[in-house]
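Right, one structure below, let's go through it.
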Amino acid sequence: MALLASAVMLGPALAHAIELPTKMNLPRNEYFIVQQLYRGWDQFSLLLVVQLISLLAAAYLSRHERRVLIPASLAVLFLLGSQVPFWTYAHPADVATANWTMQPDNWITLRRQWEFSQAAGASLQLLSMICLIVAVVSRLPTRKRSYYYY
């Protein structure tokens, strides 16, 4: 469940990061039109909760396996860390622009704040996914391989 939720949540996060260079060059009216594409994306917050709970469960269940616990715990921390730029910068920009339906005079500053905080969050989501993959791979049984030469 943790892998699935993390993979799905990584999609929108990376979408924001990939779009950043193009969106930063859009003029005011076009930028506000493009931002309307994100209506309804707040529903991903439900999956974010599933992701967090499943990562916490994975860390808890691996508490006796240090090689799994450490990357699983780091995955949780990076996920929580990904929320810091959102709530510190992106959400206040959403509020200041009424979800990008109102164009205040400082919209360029708000755009920069929103875009770069989304990119920072995406980076932390990616790090969380990498740690989760390391945790899963670390859980695989180690066995001696036999090599046969013919």
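The values are calculated or read from the model by the stated rules, or taken from the named source; none is laboratory data. Worth saying up front: this structure is predicted, and the values here are computed from it rather than measured. No Cβ is skipped: glycine too gets one built from the backbone with ideal geometry, and neighbour counts run over all protein chains shown.
Residues in segment 85-110 that are surrounded by 19 or more Cβ atoms within 10 Å (Cβ to Cβ), part of a loop (DSSP other than H, G, I, E, B) and either free of Cβ contacts under 8 Å to residues at least 12 places away in the same chain or not β-branched (Val, Ile, Thr) (or both): Trp100 only. Among the residues of segment 125-144, those identified as part of a helix (DSSP H, G or I) and of a type outside the set (Val, Ile, Thr) are Gln125, Leu126, Leu127, Ser128, Met129, Cys131, Leu132, Ala135, Ser138, Arg139.
A Cβ distance below 7 Å, combined with a sequence gap of six or more or placement on separate chains, defines the contacts here; from segment 47-66, residues that are closer than 14 Å to Phe78 by Cβ and part of a helix (DSSP H, G or I) reach residues that are among the polar types (S, T, N, Q) and modelled with pLDDT of 95 or more in the pairs Gln51/Ser6; Ala59/Ser73.
Six or more apart or on different chains, Cβ under 6 Å: which pairs go from a residue in segment 120-145 that's at pLDDT below 95 to one that's part of a helix (DSSP H, G or I) and surrounded by 11 or more Cβ atoms within 10 Å (Cβ to Cβ)? Could you list them? Note: pairs meeting the criteria are Ser138/Arg67; Ser138/Val68; Arg139/Val68.
Is it the case that Gln113 is at pLDDT 95 or above and either exposed (fewer than 15 other Cβ atoms within 10 Å of the Cβ) or touching a His at 6+ places or on another chain (Cβ under 7 Å) (or both)? Against the criterion (at pLDDT 95 or above and either exposed (fewer than 15 other Cβ atoms within 10 Å of the Cβ) or touching a His at 6+ places or on another chain (Cβ under 7 Å) (or both)), Gln113 does not qualify.
Of the residues making up segment 119-142, just one is of a type in the set (Ser, Thr, Tyr), more than 16 Å from Ser82 (Cβ to Cβ) and surrounded by 15 or more Cβ atoms within 10 Å (Cβ to Cβ), namely Ser138.
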